[in-house]
Amino acid sequence: MPDLEELDHPVFDADNHYYEATDAFTRHLDPALGPRVIQWSEINGRNYHVIGGRVSHAVTNPTFDPVAMPGAMYDYFRGNPDNRNPMEFLARREPVRPAYREPEARLHTLDQQGLAGCLLFPTLGMIYEEPLAHDPEAVCLMFRAFNRWLLEDWTFNYRDRIYSAPYITLADPAWAAEELRWALDHGARTVVMRPAAPTTALGRRNPFDPMFDPFWGLANESGITVVVHAADSGISSNGYSVDGFAATFSGGWKPSIKSFAIEQAIRDYLLTLIFENHFERFPNLRIASIENGAEYLPEVIKKIRSTANRVPGYWKHDPVETLRRHVWINPFWEDDVDQVAECMGADRVLFGSDWPHIEALPEPLDYVIELKNFHPDDRRLILNDNVESIIALRPT
């Protein structure tokens, strides 16, 4: 059984988050655009974002001060052995830590955690495209401002240890390509988007439609890895539950199909990615699925194989092998990582702790025990080498 003393290599966390500064979306946004795009409003003594003219209650306290402890829901996701009410896990809160908002403080935390580095992703940024999807131009205005804040506060490569990913929306194909070029010019090693069919001026569109080729072509040419991260992807519950993203347990707690929305979003995304033959057109493209889970993988592979049998000759190459060649998977820490490696290969599995979110591992290196069945070489791939490979640009 591996322990920390046995590790003779660095560990790189593929899924870390910041908690956005209060002006992350507004610092570089024309104040006159606030009512159309995003602004703050105080309601009953608490501050909320107003997105496209509607108050967002997706997060209980979007200022994150105070905020629940990292990994607060750990026991819950371990099966809730003590049968506690979910709200009990969130009772303890703390002032926002400097490490959540400042790169130098985050470096100190990485040192304390024994991590060589991390990929850093939005928190609110991953759930704010959908509420504004009815106004694609406003979506682009919001994330252009957001990315300028991100560059200013975090940079895209802080001392070769913290790699922050600019957010890309496909709401406007020309904007997406232009923003990717800007990100590359400013040192981005990854970009992040949600696994969803974007809403454009022409309506919702398949993200692999040729209208988006300028973006995908530049990603292919530059060799940057496109991360699709868990988000509000607009998945409908089709009347079985109330739609809309909420990271709360308000209104009581009971099981709901909404808890499977993340897996449904990435499942549909990956299947469509292969069914559209996207990698035939963009053979240098790399996709990393982060924090979307992995329990769907056996089903996805089965459906790709059965479809290939029904349409012989559609793919020049084995579509399952194409998936394994171009896609990296970061499973939830509670997923069966042995099964993920069996489906994708150990060289396509990424360790990510989700720190400091409530669903995270309290300490990232707690994950090492999950890899007890792996050969040390494969363990090193998952804990370090794979993520280092995807942050290295690989231009054509």
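The values are calculated or read from the model by the stated rules, or taken from the named source; none is laboratory data. These numbers come from a predicted model, not from an experiment. Ideal geometry is used to build each Cβ from the backbone, glycine not excepted, and the neighbour counts take in all protein chains shown. Side chains included, ligands, DNA and RNA excluded: accessible areas come from the protein's heavy atoms. Shrake-Rupley method; radii C 1.70, N 1.55, O 1.52, S 1.80 Å.
Some values worked out for this structure:
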| item | result |
| --- | --- |
| Criterion (closer than 22 Å to PRO166 by Cα and surrounded by 15 or more Cβ atoms within 10 Å (Cβ to Cβ)) met by exactly one of PHE146, PHE77 | PHE146 |
| Per-region count, the range 362-396, residues under 28 Å from ARG93 (Cβ atoms) and crowded, with 22+ Cβ neighbours inside 10 Å | 1 |
| Failed item in (1) more than 19 Å from PRO362 (Cα to Cα); (2) in contact (Cβ under 8 Å) with a residue 12 or more places away in the chain; (3) aliphatic (A, V, I, L, M), with ALA116 passing the rest | (1) |
| Conditions (1) farther than 19 Å from VAL228 by Cβ; (2) of a type in the set (D, E, K, R); (3) in contact with an Asp or Glu (Cβ under 9 Å, 6 or more places away or on another chain); number of the one not met by LYS302 | (3) |
| Candidates PRO35, PRO81, filtered to the one that is without any contact (Cβ under 8 Å) to a residue 12 or more places away in the chain and outside any strand (DSSP E or B) | PRO81 |
| Conditions (1) modelled with pLDDT of 95 or more; (2) under 29 Å from TRP355 (Cβ atoms); (3) open to solvent by 30 Å² or more (accessible area, probe 1.4 Å): number failed by LEU7 | (1) |
| Complete set of residues in the range 149-162 that are on the phi < 0 side of the Ramachandran plot and surrounded by fewer than 24 Cβ atoms within 10 Å (Cβ to Cβ) | TRP149, LEU151, GLU152, ASP153, TRP154, PHE156, ASN157, TYR158, ARG161, ILE162 |
| Options ARG380, ARG348, ARG324: the member that is over 13 Å from ASP15 (Cα atoms) and touching a Cys at 6+ places or on another chain (Cβ under 9 Å) | ARG324 |
| Cross-chain or 6+ apart pairs with Cβ under 6 Å, the range 175-190 first and on the phi > 0 side of the Ramachandran plot, then surrounded by 21 or more Cβ atoms within 10 Å (Cβ to Cβ) and not in a helix (DSSP H, G or I) | GLY187/PHE156 |
| When residues of the range 176-200 are limited to those that are over 20 Å from SER233 (Cβ atoms) and over 18 Å from the mean Cα position of the chain (by Cα), the one surrounded by the fewest Cβ atoms within 10 Å (Cβ to Cβ) | ASP185 |
| Test: LEU184 is touching a Ser or Thr at 6+ places or on another chain (Cβ under 7 Å) and either assigned to a helix (DSSP H, G or I) or aromatic (Phe, Trp, Tyr) (or both) | yes |
| Failed criterion for ALA91 (all others in (1) in contact with a strand residue (DSSP E or B) (Cβ under 6 Å, 6 or more places away or on another chain); (2) loosely packed, with under 14 Cβ neighbours inside 10 Å; (3) small (Gly, Ala, Ser) hold) | (1) |
| Per-region count, the range 267-290, residues over 18 Å from the mean Cα position of the chain (by Cα), in a loop (DSSP other than H, G, I, E, B) and of a type in the set (A, V, I, L, M, F, W, C) | 1 |
| Single residue of ALA308, ALA261 found to be hydrophobic (A, V, I, L, M, F, W, C), open to solvent by less than 70 Å² (accessible area, probe 1.4 Å), part of a helix (DSSP H, G or I) and more than 25 Å from VAL192 (Cα to Cα) | ALA308 |
| Residue under evaluation ARG106, criteria (1) among the basic types (Lys, Arg); (2) farther than 21 Å from GLU291 by Cα; (3) touching a residue at least 12 places away in the same chain (Cβ under 8 Å), criterion not met | (2) |
| Meets criteria (among the polar types (S, T, N, Q), touching a residue at least 12 places away in the same chain (Cβ under 8 Å) and under 18 Å from LEU29 (Cα atoms)) for ASN147 | yes |
| Hits in the range 49-74 (condition: open to solvent by 50 Å² or more (accessible area, probe 1.4 Å) and aromatic (Phe, Trp, Tyr)) | TYR74 |
| Meets criteria (touching a helix residue (DSSP H, G or I) at 6+ places or on another chain (Cβ under 8 Å) and either polar (S, T, N, Q) or over 24 Å from THR109 (Cα atoms) (or both)) for GLU129 | yes |
| Residues being in contact with a Phe, Trp or Tyr (Cβ under 8 Å, 6 or more places away or on another chain), at pLDDT 95 or above and not polar (S, T, N, Q) - total across the range 353-362 | 5 |
